[in-house]
Amino acid sequence: MIELNPLCYHLQVKERDLQVCLIYPGEPFSGFSSLAISNIYSNLNAIEGVSCDIGFGTQKLSFFLEKPFIEFDILAFSITYEEHLFEVVKTLINWNIEPERGKRNHPSPLIFAGGIGVFYNPAPFLPIFDIIYLGEAEERMEKIFKNLAGKKNKQKLLEIMSEFDNIIISENYRFQYEKDRIINFSGDVKKIFRSSQYPQRFSCSCFITEETAFKGMALIELNRGCPEKCRFCVAQAMGLPYREKDIDIVEKEIAFASEITDRIGLIGTAVTDYTKMEQLYNLLKKYNMKASFSSLRISSTSNYVLKIVKESGQKTVTIAPEVGKEEKRMALNKKVTDAKFFNFCQKLFENGAENLKLYFLIGIPEETDEDIEAIVSMTLKFKEIAMYFWKERKKTGKITLSVNPLIPKPFTPMQWFGMPPKNLIDKRIKFLGKLIRKIPNVELTFENTRSAIIQAVISRGDDRIGVAAINTVKYNTNFKKNLKELGLKIEPLYTREREKEELFPWEIVDSGIKREYLWHEYMKIFEGKPSPACFKGCKACGLCE
């Protein structure tokens, strides 16, 4: 059963509407958990002359209208992860729509993409999508679709969208290659759109159901961007400048959610840095709501974070040391000491936490066995803190380590970095697993190395990666083999350190972040030097000039 949030605009179809179906390329279980799906669905249905249904890659018909997907005017995909590249191809084939843009029949819908998984590097997605939207949806997407409202002609739709500086019309782009790199491209450079209206806009769940990862919670986003600027994190780079939602908007979201559920999931790139935490705490009390945080940042200074954890009964808490050795953590610009992590962990258990989830990276620059051993040492200290409370309560909890390879991302200082080869990553994970197995009540989970490598290849790839993905799914063949047929060997695509002045496929996008700033930050990793967080008047990266 799905409850519809009355704060959102919902589907009401009129005969002459531009009919859009917003697609999550996966299961409804994951799609209904996506705040992007909720936000865009509501924003588009608020426009006169536009109706927006939703759909999922595993389904044959749209969710509300139960309509074949090929009958819509626009299929708008929300891309969150690199591997959605393959899911989109599977989805289109499942719906009898040709996945390769240049081979599609004219009567098919326009195939549109947006989301963080596509806009920091659209190049691998160009062979599939007709249109790629760069940036945040609020404000700009509504402006575009107001101009499209009531129109049906595909060429006219393309002409209107091409006038916007954050819209890529895929057919206008060509790359010149030299082995595994590009040496030139044609097509206009487009900009990532960042919404100045975000603080005054609703961004909360439109659909509340037990059949999602969040089990009946209403999600509410509190902020975007992150002032700390960890050098590996693309979410903070794409979300800058840091912005917070106005507390009166948050109150309305909590008030409407309270009519359906008593639980809220608070999310954001730096969710616990929200500066109005005391007011938020009081609102949760006012509406008799419980809340949990998606993750907890040690830099958070408000005691109300801990009050919310305690009074909402959040038993499993998540923090991200990322690196076991403090100096290596500082080199990645994660400016939190071991002592601060342990002190915060102590406070979490004092406030009712029972289980701890820890995020670590593997395959960091200049990594050695000592870095792996430092993860274990840090884990043992966390366990020592937890054990005191487990014994006192006569109830043993669990510590879970989630360890994932560091994947270099565009528009971060790591965009030049060459990942370690697969055999070395596997060796490190095996070594860590051997050490962790000796510790009771500590569980190790890690991402499949092959999956991480594919993500890395897509993340910094050009349009040939998209062609290989299409052929892999379409003909049920091997991705590595399809890359080879296009003159590409998979290992250099992820292990090769890029040259300082090398032209990147994602430079068809203007992120607003200066390339020379990113290079300077990359060099500081090897110097072991952190950089300050964002501050008012700072113009270091170029976004706030």
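The values are calculated or read from the model by the stated rules, or taken from the named source; none is laboratory data. In this text the structure is predicted, and so the values were computed from the model without any measurement. Cβ coordinates were reconstructed from backbone atoms using ideal geometry, including for glycine residues, and neighbour counts include every protein chain displayed. Keep in mind that these areas ignore ligands, DNA and RNA; they rest on the heavy atoms of the full protein, side chains included. Shrake-Rupley method; radii C 1.70, N 1.55, O 1.52, S 1.80 Å.
Some points to look at:
- Region 50-94, residues that are part of a loop (DSSP other than H, G, I, E, B), under 19 Å from Tyr133 (Cβ atoms) and in contact with a strand residue (DSSP E or B) (Cβ under 6 Å, 6 or more places away or on another chain): Phe72, Asp73, Ile79
- Residue count, region 520-532 (criterion: buried (at least 16 other Cβ atoms within 10 Å of the Cβ) and not charged (D, E, K, R)): 4
- Considering residues of region 140-155 that are in a helix (DSSP H, G or I) and at pLDDT below 95 only, the residue surrounded by the most Cβ atoms within 10 Å (Cβ to Cβ): Lys154
- Restricting attention to region 424-443, the residues being free of Cβ contacts under 8 Å to residues at least 12 places away in the same chain and either within 27 Å of Glu87 (Cα to Cα) or assigned to a loop (DSSP other than H, G, I, E, B) (or both) number 3.
So that you can scan it fast, the table gives a plain yes or no per residue for (1) open to solvent by 40 Å² or more (accessible area, probe 1.4 Å); (2) without any contact (Cβ under 8 Å) to a residue 12 or more places away in the chain:
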{"residue": "Thr445", "(1), (2)": "yes, no"}
{"residue": "Lys474", "(1), (2)": "yes, no"}
{"residue": "Lys481", "(1), (2)": "yes, yes"}
{"residue": "Lys484", "(1), (2)": "yes, yes"}
{"residue": "Lys489", "(1), (2)": "yes, no"}
{"residue": "Leu493", "(1), (2)": "no, no"}
{"residue": "Glu502", "(1), (2)": "no, no"}
{"residue": "Ser511", "(1), (2)": "no, no"}
{"residue": "Leu518", "(1), (2)": "no, no"}
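- Any hit, region 232-240, residues being touching an Asp or Glu at 6+ places or on another chain (Cβ under 7 Å), crowded, with 23+ Cβ neighbours inside 10 Å, at pLDDT below 95 and of a type outside the set (Gly, Ala, Ser): no
Conditions (1) open to solvent by 70 Å² or more (accessible area, probe 1.4 Å); (2) modelled with pLDDT of 95 or more; (3) closer than 28 Å to Gly418 by Cβ, marked per residue:
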position	(1), (2), (3)
Ile131	no, yes, no
Leu157	no, yes, no
Phe164	no, yes, no
Glu171	yes, yes, no
Phe185	no, yes, yes
Asp188	yes, yes, no
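- Qualifying residue in region 293-302 (condition: open to solvent by 30 Å² or more (accessible area, probe 1.4 Å), part of a helix (DSSP H, G or I) and not aliphatic (A, V, I, L, M)): no
- Test: Glu221 is over 20 Å from Gly542 (Cβ atoms) and open to solvent by 10 Å² or more (accessible area, probe 1.4 Å): yes
- Some residue of region 325-334 being of a type in the set (Gly, Ala, Ser) and either open to solvent by 40 Å² or more (accessible area, probe 1.4 Å) or in contact with a helix residue (DSSP H, G or I) (Cβ under 7 Å, 6 or more places away or on another chain) (or both): yes
- The set of residues from region 410-427 being touching a helix residue (DSSP H, G or I) at 6+ places or on another chain (Cβ under 6 Å), under 23 Å from Arg498 (Cβ atoms) and either of a type outside the set (A, V, I, L, M, F, W, C) or open to solvent by 40 Å² or more (accessible area, probe 1.4 Å) (or both) comprises Pro410, Thr412, Pro413, Gly418, Pro421, Lys422.
- Tally of residues being open to solvent by 30 Å² or more (accessible area, probe 1.4 Å), at pLDDT 95 or above and part of a loop (DSSP other than H, G, I, E, B) across region 97-112: 2
- Consider region 481-506 and keep the residues that are touching a Pro at 6+ places or on another chain (Cβ under 9 Å) and part of a helix (DSSP H, G or I). The one that is nearest to Phe175 (Cα to Cα) is Pro505.
- Asp463 being open to solvent by 20 Å² or more (accessible area, probe 1.4 Å), under 20 Å from the mean Cα position of the chain (by Cα) and at pLDDT 95 or above: no
- Counting residues in region 132-139 that are of a type outside the set (Lys, Arg) and in a helix (DSSP H, G or I) gives zero.
- If you go through region 437-486 and keep only what is among the hydroxyl-bearing types (Ser, Thr, Tyr) and in contact with a strand residue (DSSP E or B) (Cβ under 8 Å, 6 or more places away or on another chain), you end up with Thr445, Thr449.
- In region 340-397, residue farthest from Leu306 (Cα to Cα) [restricted to those that are among the acidic types (Asp, Glu) and part of a loop (DSSP other than H, G, I, E, B)]: Glu366
- Qualifying residues in region 200-218 (those that are without any contact (Cβ under 8 Å) to a residue 60 or more places away in the chain and open to solvent by 20 Å² or more (accessible area, probe 1.4 Å)) - the one nearest to Pro122 (Cα to Cα): Gln200
- Residues satisfying the stated conditions in region 134-182, i.e. free of Cβ contacts under 8 Å to residues at least 60 places away in the same chain and among the hydroxyl-bearing types (Ser, Thr, Tyr): Ser162
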